[in-house]
Amino acid sequence: MSTFKIAESLKGLSVIILAWAVTGLAAEGVFRLNGDRTTEDPQGLYTQFINGSYKHRPMMDLRAHYASGPFSIHTDEFGFRCDAERKYGLHRDTEVDFLFIGDSQGFGNGVDFEDTIPGHMAALAADRGLRVANSSVGGHGLRNQLELVDWLQTEQRIKVRHYVLLLTPLRISACDSFARVSVGPDGRLYDKPKSSLQRALIWVKSHVVAYTRLRDAARTLHIGTSSTAASSVFAFYDDRVDKAQAVDKLASCLNVFHNYALKNDASLSIV
């Protein structure tokens with residue numbers, strides 16, 4: 001290829017790149033003027049916990065914006081999710097009538113505290129002079145939660161009268177799992193160190209409104225989505241699963257919680 005043709009190719013490529021840049025900046029400006037917001041992960045939400053586990057940071061007030069829409073996150077002095085006024089937050093040396101235990105569904109990922117199961121229960125219980133708390137953390141296995149609940153009682157002197165264990169299909173099929181992750185300086189969870197390209201992509205997701213618009217549109221059209229989540233739901237009911245073994249494992253996991261409740265003069269409900 002001659003020098004002239006190479007120069008022409010580079011010129012054409014630079015025009016395309018410039019056009020994309022101008023179009024992207026124009027779109028970004030229009031979206032922001034329209035009041036659109038970037039994807040907001042709950043940055044700073046997590047802190048490292050014992051044995052490689054993690055928990056929510058205490059006294060956090062965060063906004064998040066997922067494909068499902070915006071929502072707020074507030075935590076009390078122990079890092080448990082609560083309302084913005086912390087009317088339902090815990091304090092040291094208090095007694096909890098109902099402590100909800102679970103993962104992201106118990107936490108209420110994607111919705112405000114008032115729209116979560118524990119949030120509804122907290123409002124109903126308050127009318128009857130009872131206190132509800134929620135120790136659920138997204139991604140936690142039952143062993144992570146048991147460790148967190150034990151820390152709450154033995155080190156923070158919180159008395160729990162009744163445990164409410166929220167079981168999702170994933171927690172049923174992998175009840176004995178223990179999640180170990182690294183919490184980055186930004187308070188996000190990382191399974192391993194990120195490359196420069198991955199860090200750049202995280203920055204784009206957090207700062208570019210156009211990315212959020214394109215992502216939400218793609219997901220609405222089911223582009224780039226997978227059936228992984230659905231697979232985890234139905235896997236427990238797969239005919240190839242040894243039902244007796246699965247039930248025995250679940251019974252063993254629940255028995256651990258049951259014995260823990262008995263040791264602490266508390267009762268246990270399974271949902």
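General remarks:
- Total formal charge among the other residues, if their Cβ is under 12 angstrom from that of Asp242, Lys/Arg +1 and Asp/Glu -1: 0
- Fraction of the pair-distance distribution of the range 86-203 above 25 Å, Cα-Cα pairs, percent: 33
- Coil-residue trypsin sites (Lys or Arg not before Pro) of the range 117-151, DSSP, other Cβ within 10 Å capped at 15: Arg128
- The ratio of the alpha-carbon radius of gyration of the range 114-172 to the globular-protein estimate 2.2 N^0.38 Å is 1.21.
- Which of Thr23, Thr75 has the fewest Cβ neighbours within 10 Å, and the rest in rising order: Thr23, Thr75
Here, each number is a calculation from the coordinates, and none is a lab measurement. Quantities reported herein were computed from a predicted structural model and do not represent experimental measurements. Virtual Cβ from ideal backbone geometry, glycine too; neighbours counted across all protein chains shown.
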